[in-house]
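I have placed the structure first, in the form of structure tokens, so that the comments after it can refer back to it.
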Amino acid sequence: MHAPSLAAGRPGDRGVAIWLLACCALVFAMVMIGGITRLTHSGLSIVEWQPIIGTVPPLDDSSWQDAFRKYQQTPEFLQINPGMELAGFKRIFWWEYVHRLLGRLIGAAFLLPLLWFAIRGRIGRTLTWKLAAIFALGALQGAMGWAMVQSGLVDNPRVSQYRLAAHLGMALLIYATMLLIALDLIFPRKEGAPAGPRRMAFALAALVFAQALSGALVAGIHAGFAYNTFPLMGGHVVPPGMFVLEPWYLNFFANVATVQFDHRLIAWLLALLVPWFWVRVRRARASPRARLAADLLLAALVLQIALGISTLLLTVPVPLAAAHQAGALLVFTAALFAAHTLRRPGA
């Protein structure tokens with residue numbers, strides 16, 4: 001049996017699906033650039049949130065000096081970059097500017113076609129409301145991004161790891177929703193799938209999501225710069241000092257040893273469960289598309305683990321760390337695709 005083509009759904013579905021997949025690609029790029037912005041310590045360079053006026057960058061020396069003066073009043077400049085000159089400020093400014101500009105572009109690329117499709121009657125009322133909810137989440141995501149930046153402009157020149165995780169989690173939620181809707185349009189739900197692999201596929205997608213949030217906590221407290229050995233952490237399977245903070249539950253969010261241990265633990269779980277899932281899909285005689293999805297998930301995980309270990313051992317070089325963040329989204333995409341291929345018919 002051959003996998004259905006883009007034309008497998010209703011005649012009008014093809015354009016809507018392609019549009020949503022293009023929006024997914026933009027969100028993918030947004031996550032990557034957001035990771036680079038964080039890794040280059042550029043995220044606190046723009047100290048104001050101006051959704052409309054902020055679309056235009058500084059265009060002359062006076063405007064650049066004004067933006068730089070505002071940055072010079074921030075804790076990051078005073079505590080970390082007191083010797084920075086205008087040229088250095090421009091380098092970090094552009095990463096944050098491109099990140100924000102891409103966010104505005106995604107909003108326009110989603111809203112304008114949505115209005116066109118709705119006015120032309122290309123999408124039903126139920127789907128229109130779903131897509132409108134996604135746009136609302138996108139607007140909330142912009143506000144969450146600014147709240148995250150604000151957390152690093154007060155006393156401590158570091159954004160809150162909680163807000164960073166929430167910001168990434170919302171981006172993944174928007175991405176997942178658009179991807180699943182696009183897949184529904186491309187591959188109408190006609191055939192059933194084995195129940196065991198189906199339940200496992202959804203569990204794996206949820207575990208990959210949790211792992212991505214765990215990675216955000218690692219990034220937020222710079223835990224990747226500690227315990228740069230593998231497979232042991234500083235010579236220990238379980239590093240000492242994992243529960244030194246009070247109350248005890250703070251260790252899971254703010255203790256470098258605990259946060260990195262948890263991130264590694266989930267990676268080990270995925271390293272065991274994904275091959276098991278691959279075997280179950282093969283034994284269950286699932287559809288060719290389901291087998292392809294399992295193959296892609298296994299390959300993406302192998303690549304991601306290799307990137308993660310390399311990033312750790314080399315103490316978080318920017319190119320590798322950015323590739324590792326992109327790899328997380330690839331694994332998440334493959335997990336969602338696998339879950340979608342194994343869903344119930346007509347669910």
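The values are calculated or read from the model by the stated rules, or taken from the named source; none is laboratory data. Not measured: the values here are computed from a predicted model. Cβ atoms come from the backbone with ideal geometry, glycine included; neighbour counts cover every protein chain shown. Ligands, DNA and RNA are stripped out before the accessible areas are found, and what is left, the full protein with its side chains, is counted by its heavy atoms. Shrake-Rupley method; radii C 1.70, N 1.55, O 1.52, S 1.80 Å.
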Arg38 meets each of (1) at pLDDT below 95; (2) out of contact with any Leu (no Cβ under 8 Å at 6 or more places or on another chain); (3) surrounded by 14 or more Cβ atoms within 10 Å (Cβ to Cβ); (4) in a helix (DSSP H, G or I) with one exception, condition (2)
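Consider segment 313-328. How many of its residues are open to solvent by less than 50 Å² (accessible area, probe 1.4 Å), out of contact with any His (no Cβ under 9 Å at 6 or more places or on another chain) and touching a residue at least 12 places away in the same chain (Cβ under 8 Å)? Steps first, answer last, please.
From segment 313-328, those open to solvent by less than 50 Å² (accessible area, probe 1.4 Å) are 316-317, 320-328; that's our starting set.
Right, trim to out of contact with any His (no Cβ under 9 Å at 6 or more places or on another chain) and you get 317, 320-328.
Checking which are touching a residue at least 12 places away in the same chain (Cβ under 8 Å) leaves us with 320-328.
Looking only at that region, the number is 9.
Could you tell me whether any residue of segment 47-59 is within 17 Å of Ser160 (Cα to Cα) and surrounded by 14 or more Cβ atoms within 10 Å (Cβ to Cβ)?
Quick first cut of segment 47-59, residues within 17 Å of Ser160 (Cα to Cα) only: 47.
After this cut, where a residue has to be surrounded by 14 or more Cβ atoms within 10 Å (Cβ to Cβ) as well, the list is 47.
Yes, segment 47-59 contains at least one residue that is within 17 Å of Ser160 (Cα to Cα) and surrounded by 14 or more Cβ atoms within 10 Å (Cβ to Cβ).
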Checking Ala165 against (1) open to solvent by 30 Å² or more (accessible area, probe 1.4 Å); (2) under 26 Å from Phe77 (Cα atoms); (3) in contact with a helix residue (DSSP H, G or I) (Cβ under 8 Å, 6 or more places away or on another chain), which test does it fail? (1)
Hey, Ala290 hits all of (1) modelled with pLDDT under 95; (2) surrounded by fewer than 18 Cβ atoms within 10 Å (Cβ to Cβ); (3) assigned to a helix (DSSP H, G or I) but one; which does it fall short on? (2)
Exclusive hit being over 22 Å from Ala216 (Cα atoms), aliphatic (A, V, I, L, M), open to solvent by 30 Å² or more (accessible area, probe 1.4 Å) and touching a helix residue (DSSP H, G or I) at 6+ places or on another chain (Cβ under 8 Å), set Met30, Met84: Met84
Candidates Ala210, Ala226, filtered to the one that is in contact with a helix residue (DSSP H, G or I) (Cβ under 6 Å, 6 or more places away or on another chain) and surrounded by 12 or more Cβ atoms within 10 Å (Cβ to Cβ): Ala226
Of the conditions (1) touching a Lys or Arg at 6+ places or on another chain (Cβ under 8 Å); (2) open to solvent by 40 Å² or more (accessible area, probe 1.4 Å), Thr126 satisfies every one except a single condition; which number is it? (1)
Mind counting the residues in segment 293-307 that are within 17 Å of the chain's Cα centre (by Cα) and either crowded, with 24+ Cβ neighbours inside 10 Å or on the phi > 0 side of the Ramachandran plot (or both)? 3
Long-range neighbours under 7 Å by Cβ, at least six apart or interchain, first residue within 13 Å of His263 (Cα to Cα) and among the aromatic types (Phe, Trp, Tyr) within segment 210-231, second open to solvent by less than 40 Å² (accessible area, probe 1.4 Å) and in a loop (DSSP other than H, G, I, E, B): Tyr227/Pro239
